[in-house]
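The values are calculated or read from the model by the stated rules, or taken from the named source; none is laboratory data. All values reported here derive from a predicted model rather than from experimental measurement. Virtual Cβ from ideal backbone geometry, glycine too; neighbours counted across all protein chains shown. Surface areas here come from the heavy atoms of the whole protein model, side chains and all, with no ligands, DNA or RNA. Shrake-Rupley method; radii C 1.70, N 1.55, O 1.52, S 1.80 Å.
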There are 2 protein chains.
Amino acid sequence: MSMPRQMHLGAFILGAGHHIAGWRMPGAEAGSENLDLIKRIARTAERGKFDLLFLADAVNTRPDMHPSMVLRLEPLTLLAALAMVTERIGLAATASTTYTEPYNLARYLGSIDHMSNGRCGWNIVTGAFADAAANFSRDRHPPHDERYAIAAEFVEVAKGLWDSCEDGILTMDKASGQFLDAGKMHALNHAGTYFKVKGPLNMSRPPQGYPVLIQAGASDAGRDLAGRIAEIVYAVHQDIEVARAFSSDLKRRAVGFGRSPDHIKIMPGICAIIGGTEAEAKAKLAELGECADPKVALQVLAERLGHDLTAFDLDAPVPDLPPSGVMRGHAETLTALARKENLTLRQLRNVVAASMGHRLMVGTPEQIADGLQEWFEAGAADGFNVMPPWFPGAFDDFVDHVVPILQKRGLFRQDYTGTTLRDHLGLPRPEHPLAHRVLVGSMAASG
Amino acid sequence: MSMPRQMHLGAFILGAGHHIAGWRMPGAEAGSENLDLIKRIARTAERGKFDLLFLADAVNTRPDMHPSMVLRLEPLTLLAALAMVTERIGLAATASTTYTEPYNLARYLGSIDHMSNGRCGWNIVTGAFADAAANFSRDRHPPHDERYAIAAEFVEVAKGLWDSCEDGILTMDKASGQFLDAGKMHALNHAGTYFKVKGPLNMSRPPQGYPVLIQAGASDAGRDLAGRIAEIVYAVHQDIEVARAFSSDLKRRAVGFGRSPDHIKIMPGICAIIGGTEAEAKAKLAELGECADPKVALQVLAERLGHDLTAFDLDAPVPDLPPSGVMRGHAETLTALARKENLTLRQLRNVVAASMGHRLMVGTPEQIADGLQEWFEAGAADGFNVMPPWFPGAFDDFVDHVVPILQKRGLFRQDYTGTTLRDHLGLPRPEHPLAHRVLVGSMAASG
């Protein structure tokens with residue numbers, strides 16, 4: 001009997017919630033610097049048998065940013081801490097290929113994979129905020145296509161560094177005095193367009209071979225990179241048909257790169273506002289809307305469209321703006337929504353305030369489960385990146401009330417069956433490139 | 001009644017021990033990737049009321065490196081993990097100013113300080129291994145003086161970034177909807193010789209203001225930087241008079257920069273081989289010597305002298321070699337020792353195999369305590385960086401047998417009295433530069 005296909009769930013942890021006013025809700029605790037809260041959320045996600053938790057990131061700030069993002073713990077160090085207080089759940093974070101060095105990042109992620117016994121995931125981003133350049137002694141944020149070319153080479157280098165050592169390199173034989181098998185260590189000698197990295201990395205191969213690779217590009221270059229390397233794809237969709245077409249396109253691209261379509265999991269974001277009745281859920285949404293800071297909401301929209309919006313009339317239709325080259329998936333989804341529903345700028349701003357452009361689901365636990373099942377069974381999603389409007393209450397509601405329905409319907413696991421994030425996702429551990437070759441040019445020979 | 005001056009103790013954790021053959025000892029557990037072992041060592045250090053634990057680092061490797069260093073967990077992510085399994089002990093690691101970005105490193109260290117409630121320390125290094133350049137797309141390792149100029153500016157930028165927010169920025173007032181006080185966030189707008197960093201950092205000011213700053217430079221440029229900014233200075237000394245002169249020089253330089261001599265703690269490294277009798281301790285040293293891999297020992301010496309040594313006669317006197325500009329403190333101490341005791345290259349190699357050039361102490365717990373007390377009372381040290389020859393046994397011996405003697409003599413604390421690393425060291429929390437000024441140009445005004 002073959003296992004029925006089941007959905008994958010990720011918990012997108014933003015300390016103050018995804019709704020910009022979530023932190024003001026009764027019982028909400030605020031703050032992306034609140035480690036105690038984040039630890040509790042992580043444990044709740046694990047109790048809910050989620051595949052992974054996910055921490056977003058950016059390398060710039062301003063005081064009118066989304067309250068979850070303006071001040072935050074750094075995600076890689078936070079993942080390492082969370083590895084110590086969880087047992088099974090996958091641990092993923094965003095890290096930029098534009099503003100880090102492959103040798104450093106390969107070490108951070110590899111260490112997290114080692115310390116968590118194979119639970120690390122890496123959301124590869126090229127940097128959605130052009131302001132970041134000014135924090136890194138750069139005169140300019142590289143343009144879109146260059147950022148993607150850098151990212152593709154960066155990932156290639158990182159994989160090569162993780163392959164520096166073959167499995168079993170540490171022999172630690174006290175009797176003979178052989179600490180390691182030098183023949184299993186290999187220099188990389190990468191010399192590409194953007195990076196020159198000799199290697200080897202000073203670390204054994206991570207338990208998962210490579211951390212699970214996540215990507216969220218929506219542009220052609222982004223989709224191509226995702227098809228080539230991504231094992232999870234985050235997406236922003238409001239429309240099931242658009243989501244289904246996106247998923248088909250990504251899987252087709254993966255197959256084009258010689259990969260199995262089952263090894264690329266499409267996980268759009270959803271923001272669920274849950275009530276005992278539909279009316280109660282709608283009342284919560286209304287309450288959130290009244291609490292939202294309109295200036296912050298407009299700034300969050302401006303980031304997604306890539307344009308300053310302060311000069312536009314809020315009660316006129318959403319203006320026509322050229323693509324900015326940042327957050328393209330958000331921009332396209334929001335623009336399409338505005339056109340389809342003929343929204344004013346104020347209305348679109350309020351949509352973004354609630355879910356940052358992701359699919360907003362408002363209703364009873366059964367209605368939420370129905371909505372997830374519909375997209376999952378239609379092939380619009382392999383799972384969902386759950387973006388609770390506030391913490392901890394709204395996430396507790398999802399885990400306590402929606403997850404059991406999904407489990408009862410056979411759509412989601414009752415318990416973990418494996419130990420690594422790759423196990424949870426049904427992804428193979430990448431073999432070492434030399435696994436089937438006679439070795440030449442090892443460090444033992446070439447020094 | 002004023003507190004008598006007490007020494008400070010750091011635990012220098014190298015997974016396989018400091019003696020290159022330590023991992024082969026009975027009961028020794030090996031591996032700088034062995035998280036379970038490192039967690040136990042950290043807890044032992046905390047049981048021993050150590051001020052801090054310390055993780056060294058390098059960003060390159062080769063198979064014939066010291067077994068503790070060839071393959072290792074990345075120290076910043078490891079510190080974050082250790083913050084979750086300890087309560088009071090300080091947590092310090094090496095991070096290079098040559099191969100990281102200030103914005104990234106300020107975030108990693110700031111996060112560790114937040115997550116540990118003020119226990120982070122940063123050992124500022126400029127990179128002792130020229131091979132690192134080839135891992136970072138660089139054509140060359142910057143020369144010594146340039147590395148120190150970069151480091152000085154890097155630290156200035158990092159401090160400025162940690163000061164991005166004044167204390168109390170997060171108001172999180174649900175009633176009014178004010179999440180933060182934008183007037184307490186400030187751009188840095190640093191534009192220097194090596195870095196251009198606008199800021200602000202996306203993080204509240206760390207609990208300690210800045211992590212405790214550690215430095216180990218022995219050159220004139222290194223001492224100057226230490227005098228200016230270091231709060232702990234690691235050093236390599238074999239001779240009490242040289243150590244005393246070094247300590248006086250460093251404190252004099254600190255005073256020259258307007259600092260208190262009490263706010264710069266000189267902590268030379270010591271490697272203690274402890275036995276129930278002196279004969280037993282000496283037998284352990286002999287056993288270690290017999291187990292040492294001579295090729296690895298010569299490579300460890302070569303790193304410290306900054307020259308390939310494979311072509312020299314092992315039984316001739318240590319050759320005259322020009323200063324290499326890397327690991328100068330080690331090179332000077334080892335060269336002086338070789339001259340003073342007329343050592344052959346083989347003999348010096350064996351010294352380095354045991355303690356990597358640091359003070360080797362062999363004897364009973366009382367003898368070790370006497371040796372520490374002598375240096376401490378002579379003003380040659382404010383404390384010691386304890387480098388156990390292997391783990392966990394040799395470190396257990398130190399904590400179980402040497403520490404109680406030091407405590408009984410009133411030379412070391414019976415228990416922690418504070419919660420932060422600054423508390424343990426008696427260092428003030430640096431005030432925010434705007435603490436006493438009328439604010440102008442905040443983000444609220446300049447946006």
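Looking at the structure I just gave you, is B:A80 surrounded by 24 or more Cβ atoms within 10 Å (Cβ to Cβ) and either aliphatic (A, V, I, L, M) or more than 8 Å from chain A (Cβ to nearest Cβ) (or both)? The answer is yes for B:A80.
Per the listing B:D262, B:D308, B:D293, B:D315, the residue uniquely modelled with pLDDT under 90 and open to solvent by 50 Å² or more (accessible area, probe 1.4 Å) is B:D293.
The single condition from (1) in a helix (DSSP H, G or I); (2) at pLDDT below 90; (3) open to solvent by 20 Å² or more (accessible area, probe 1.4 Å) that B:L321 fails is (1). Restricting B:T98, B:T44, B:T94 to residues that are assigned to a strand (DSSP E or B), more than 10 Å from every other protein chain (Cβ to nearest Cβ) and surrounded by fewer than 24 Cβ atoms within 10 Å (Cβ to Cβ) narrows the list to B:T94. For region B:345-388, filtered to residues that are under 22 Å from A:M172 (Cβ atoms) and at pLDDT 95 or above, the residue that is farthest from the chain's Cα centre (by Cα) is B:P388.
For region B:165-183, the tally of residues that are facing another protein chain (nearest Cβ under 9 Å) and either in a loop (DSSP other than H, G, I, E, B) or touching an Asp or Glu at 6+ places or on another chain (Cβ under 7 Å) (or both) stands at 5. Each residue in region B:27-41 was checked for being open to solvent by 10 Å² or more (accessible area, probe 1.4 Å) and touching a strand residue (DSSP E or B) at 6+ places or on another chain (Cβ under 8 Å), and 3 of them qualify. The set of residues in region B:70-88 that are touching a Gly at 6+ places or on another chain (Cβ under 9 Å) and in a loop (DSSP other than H, G, I, E, B) comprises B:L71, B:L73, B:E74, B:R88. The listed residues are A:K49, A:K39, and the only one of them that is under 19 Å from the mean Cα position of the chain (by Cα), modelled with pLDDT of 95 or more and on the phi > 0 side of the Ramachandran plot turns out to be A:K49.
Examine region B:377-388 for a residue that is in contact (Cβ under 8 Å) with a residue 24 or more places away in the chain and surrounded by fewer than 22 Cβ atoms within 10 Å (Cβ to Cβ), and state whether such a residue exists. The answer is yes, given that some residue of region B:377-388 is in contact (Cβ under 8 Å) with a residue 24 or more places away in the chain and surrounded by fewer than 22 Cβ atoms within 10 Å (Cβ to Cβ). On the basis of being away from chain A (no Cβ under 11 Å), in a loop (DSSP other than H, G, I, E, B) and open to solvent by less than 10 Å² (accessible area, probe 1.4 Å), does B:G121 make the cut? So B:G121 fails the test. Screening B:G393 on (1) modelled with pLDDT of 95 or more; (2) open to solvent by less than 20 Å² (accessible area, probe 1.4 Å) shows it passes everything except condition (2). Filtering B:G393, B:G410 for residues that are at positive phi and in contact (Cβ under 8 Å) with a residue 40 or more places away in the chain leaves a single hit, B:G410. Taking region B:206-232 as the range and being open to solvent by less than 10 Å² (accessible area, probe 1.4 Å) and in a loop (DSSP other than H, G, I, E, B) as the test, the residues that pass are B:P206, B:Q208, B:G209, B:P211, B:G217, B:S219, B:A230. Residues that are touching a residue at least 40 places away in the same chain (Cβ under 8 Å) and of a type in the set (A, V, I, L, M) within region B:170-196 comprise B:A182, B:M185, B:A187, listed in sequence order.
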